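The values are calculated or read from the model by the stated rules, or taken from the named source; none is laboratory data. All values derive from a computational prediction rather than experimental measurement. We place every Cβ from the backbone using ideal geometry, glycine too, and count neighbours over all the protein chains shown. Remember, those area values only see protein heavy atoms, side chains included, never the ligands or the DNA or RNA. Shrake-Rupley method; radii C 1.70, N 1.55, O 1.52, S 1.80 Å.
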Amino acid sequence: MFLSQLRDRSGLSYSQLERMTRDDARPLTRSTLSEVLRGNRPPQKSLVESLLAALQSPLGERARIMDTWARLTERSQEWRTNLLRFVDSSPRELGVHAGIRPATSPGELPGYVMRSFDPELRRLIEDGTRRGCFVVLVGGSSTGKTRSLYEAVRNVAGDWGLVQPSDTGDIYRLLEDSDRPSIVWLDELTRFFRSTPELTKTQLAKLRRIGHIIVGTLWFEDYTASQASRVERAVLEFAEMIDVPRYLDADECERARRLASTDSSISAALNSGDDGMTQVLAAGPELLRLWHHAPPYARAAIEVATDARRLGILTPLSRELLLEAMAGYLGEGDRVTPPESWWQEVTSYAERPINETTVAALIRVAGRSPGTLAGYRAADYLAQHLRVQRRSRCPPESFWIALIDRLNSVEDIRRLRDAAAARMRYRLQEKALRKLAALGDQQALVDLTFLLVRQDRIGAAVSVLSSRLGDRPAEDALAEVFLLRGRADAVELNERADLLCDLGERASLRGRADQGDATAADDLADLLAERGELAELRRRADRGHSLAADLLAELLAIHRRTDELSVRAAAGDQASLTRLNRLRDDASSVKPEIQQLREALARGEVAVAERLTSLLFELADEPELRAEVDAGTPYAADRLLALLAVNSCNDPEAAAEVVKLRALGMHCDGTLALTEGQHHA
């Protein structure tokens, strides 16, 4: 009666209340409101809460009303005290898939996206609270049947007792308790078909007459098969059937997008391009488990496919490409086995759908013509997860060679070229540039030429360009190569590598700066600081160049060279004095920021790369900078080289190694790629 007075006071109609709560987890229907407010049926707790929220009842008033509801309800529920209440059972106990759950997801389950069939489902269960019902949800595996049923029962009849029959014998025994209506949970109804004793329409009709709310789920394939049996067909004809579509409709997608702003699980599933949000939510944990426990060949194939996605390669990978690339992911003993047997394991393990969904670790991609296979790609959710897990792992050489050799998309090869260059894998960059040149990319030919020059492979560079005489870009590049060779031949051997490595940039700036060009002097100071060239930067600072003095003080502070800073400050260098006063030895304050920046990078926020690599450089953290180079993080290679240059400034042999590293790069395992006399044409 009091609730009815509240509604009258608000002036809201039943229709208005229904519209106000349409997207809520517990929407209010006109029929339910009418019966509750007229006192024809006791209200459920969630209904009272939704009604009070819609009526905008003050918090103090809400608390008093809910206390009253609890006292009035307690006596009416005493007869069910020895049954577990539905709301006290966990979703997992009722068969709801655990679902993907990123670290930032708050609960046991992802948030629930209201389905378009939910109002009808909940109306049927509400009717069942008065006179019993038998409701079955039919749909494919992992389409959200059990989750929708769980949410509907929890919100409409959550305080009812729960019975989970394990077989039809339990259902027969339940008939003996004729005065105790409860929720009869028959998830995967097909378990009760063709059993002994037989489940029939008669037993279910008796349960319904007693007042039980009987609910179940059924795969569509089992529904189809049941039509061949007279008994099973009669059972399902007696049920109220709710169809659960495989995909979300437009309204459901919009609700999912709104929920994704606060629920990282929903966001992860929506961002996946795999087969349906509900299927991804269900299959995600099993995909990760499959990868963790995969046998060697299946795991190798999965990691090849996910590494390709990590480097931006979206073209489906052929069987032959996968087999060639897999070699570097395998142990020596595993490589002895013929590749044909490798593929048998890949097919039986990595292509197998998860949880009867259509989601597999390796997805088959259809070709342009019907019945053809274009290749394979990694499941999106798995690729997203391993992008974080494997971010700082440089793929093995077999991966790069297989992709560069077998892919023919110019865009794909450019991505591989850039990825190799960012990781200082210059031999692989060279291979990609040669492939691009063969595909007709003239700029790649010029870039290849100057990569060879930087490595003092001038003869190879001339040979590449000589084959393209008549092309204006090739002829211009050849003229520049001859000019660089002349300049390199005119300097001492220890200066030659530096000159060729930066294509004469530093030498040119130095010459202009010495002639009084202030802009060139500033650019040279920036270049020296970027490369960690303390000795020359110190000489220019001592000559009175203010920017060189500022940058020198910054480098000295980064590397905690307090003695030199003190000497320079005592000599009147203001930049050194300022840096000395601000110097802090404790790096702990920036470590949380570094972790946040890495997480942002893993999400694809490349703009944070400069800040991250600067912090690592300031901490003089060589191992972490190397990890960022292996991850292909922008600026990481330059910061690493600068750090190594500063650390080697008093060690000629170490300084020579830095020069070689700058020019020649690394192998995939992080070792120096080339040594003297190992240049490749």
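Listed values, structure above:
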item: Helices (runs of 4 or more DSSP H) lying entirely in region 196-243 (those with 2 or more residues that are of a type in the set (A, V, I, L, M) and touching a strand residue (DSSP E or B) at 6+ places or on another chain (Cβ under 8 Å)); result: 201-210
item: Candidate set from region 371-410 (those that are aliphatic (A, V, I, L, M) and over 18 Å from Arg289 (Cα atoms)); member that is nearest to the chain's Cα centre (by Cα); result: Leu403
item: Filtered residue count, region 303-319, keeping only those that are under 15 Å from Arg364 (Cβ atoms) and not aliphatic (A, V, I, L, M); result: 4
item: Pair list, Cβ < 9 Å and 6+ apart or interchain, from region 318-334 residues that are closer than 16 Å to Cys668 by Cα to residues that are part of a loop (DSSP other than H, G, I, E, B) and modelled with pLDDT of 95 or more; result: Ala325/Pro395; Ala325/Pro396; Ala327/Pro396; Gly328/Pro395; Gly328/Pro396; Tyr329/Pro395; Tyr329/Pro396
item: Members of region 559-578 that are over 48 Å from the mean Cα position of the chain (by Cα) and among the acidic types (Asp, Glu); result: Asp573
item: Within region 629-663, considering residues that are open to solvent by less than 30 Å² (accessible area, probe 1.4 Å) and touching a Ser or Thr at 6+ places or on another chain (Cβ under 8 Å), the one farthest from Ala308 (Cα to Cα); result: Val658
item: Candidate set from region 527-537 (those that are touching a helix residue (DSSP H, G or I) at 6+ places or on another chain (Cβ under 7 Å) and part of a helix (DSSP H, G or I)); member that is modelled with the highest pLDDT; result: Leu537
item: Residues of region 650-674 that turn out to be in a loop (DSSP other than H, G, I, E, B) and at negative phi, as a count; result: 8
item: Any hit, region 317-333, residues being under 30 Å from Gly140 (Cα atoms) and of a type in the set (A, V, I, L, M); result: yes
item: Any pair with Cβ under 7 angstrom, 6 or more apart, that starts in region 232-245 at a residue that is without any contact (Cβ under 8 Å) to a residue 12 or more places away in the chain and ends at one that is open to solvent by 30 Å² or more (accessible area, probe 1.4 Å); result: Arg233/Gln227
item: Failed criterion for Asp630 (all others in (1) more than 22 Å from the chain's Cα centre (by Cα); (2) modelled with pLDDT of 90 or more; (3) closer than 29 Å to Ser267 by Cβ hold); result: (1)
item: Residue among Ala327, Ala379 that is small (Gly, Ala, Ser) and surrounded by 22 or more Cβ atoms within 10 Å (Cβ to Cβ); result: Ala379
item: Among residues of region 286-310, those that are within 18 Å of the chain's Cα centre (by Cα) and surrounded by fewer than 21 Cβ atoms within 10 Å (Cβ to Cβ), counted; result: 5
item: Residue among Arg387, Arg415, Arg391 that is of a type in the set (Lys, Arg) and assigned to a loop (DSSP other than H, G, I, E, B); result: Arg391
item: Qualifying positions in region 455-479 - assigned to a helix (DSSP H, G or I) and buried (at least 20 other Cβ atoms within 10 Å of the Cβ); result: Ala461, Val464, Leu465, Ala477, Leu478
item: Flag if Phe86 is open to solvent by less than 10 Å² (accessible area, probe 1.4 Å), at pLDDT 95 or above and of a type in the set (A, V, I, L, M, F, W, C); result: no
item: Flag for Ile413 being under 31 Å from the mean Cα position of the chain (by Cα) and crowded, with 23+ Cβ neighbours inside 10 Å; result: yes
item: Positions within region 169-195 being open to solvent by less than 80 Å² (accessible area, probe 1.4 Å), under 17 Å from Val136 (Cβ atoms) and not in a loop (DSSP other than H, G, I, E, B), in sequence order; result: Ile171, Ile183, Val184, Trp185, Leu186, Leu189, Thr190, Phe192
item: Restricting region 512-546 to residues that are under 43 Å from the mean Cα position of the chain (by Cα) and hydrophobic (A, V, I, L, M, F, W, C), the residue that is nearest to Asn647 (Cα to Cα); result: Leu534
item: Test: residue in region 613-621 that is among the hydroxyl-bearing types (Ser, Thr, Tyr), closer than 30 Å to Glu430 by Cα, at pLDDT 80 or above and surrounded by fewer than 17 Cβ atoms within 10 Å (Cβ to Cβ); result: yes
item: Enumeration of residues in region 214-225 that are surrounded by 21 or more Cβ atoms within 10 Å (Cβ to Cβ) and over 20 Å from Arg115 (Cα atoms); result: Ile214
item: Per-region count, region 431-453, residues crowded, with 20+ Cβ neighbours inside 10 Å and either hydroxyl-bearing (Ser, Thr, Tyr) or touching a residue at least 40 places away in the same chain (Cβ under 8 Å) (or both); result: 2
item: Flag if Arg560 is part of a helix (DSSP H, G or I) and basic (Lys, Arg); result: no
item: Contacts under 6 angstrom Cβ, first residue in region 130-149 being within 24 Å of Ser182 (Cβ to Cβ) and open to solvent by 10 Å² or more (accessible area, probe 1.4 Å), partner small (Gly, Ala, Ser) and at pLDDT below 90, 6 or more apart; result: Lys145/Gly139; Thr146/Gly95
item: Some residue of region 318-333 being part of a loop (DSSP other than H, G, I, E, B), out of contact with any helix residue (DSSP H, G or I) (no Cβ under 6 Å at 6 or more places or on another chain), under 27 Å from Ala602 (Cα atoms) and aliphatic (A, V, I, L, M); result: no
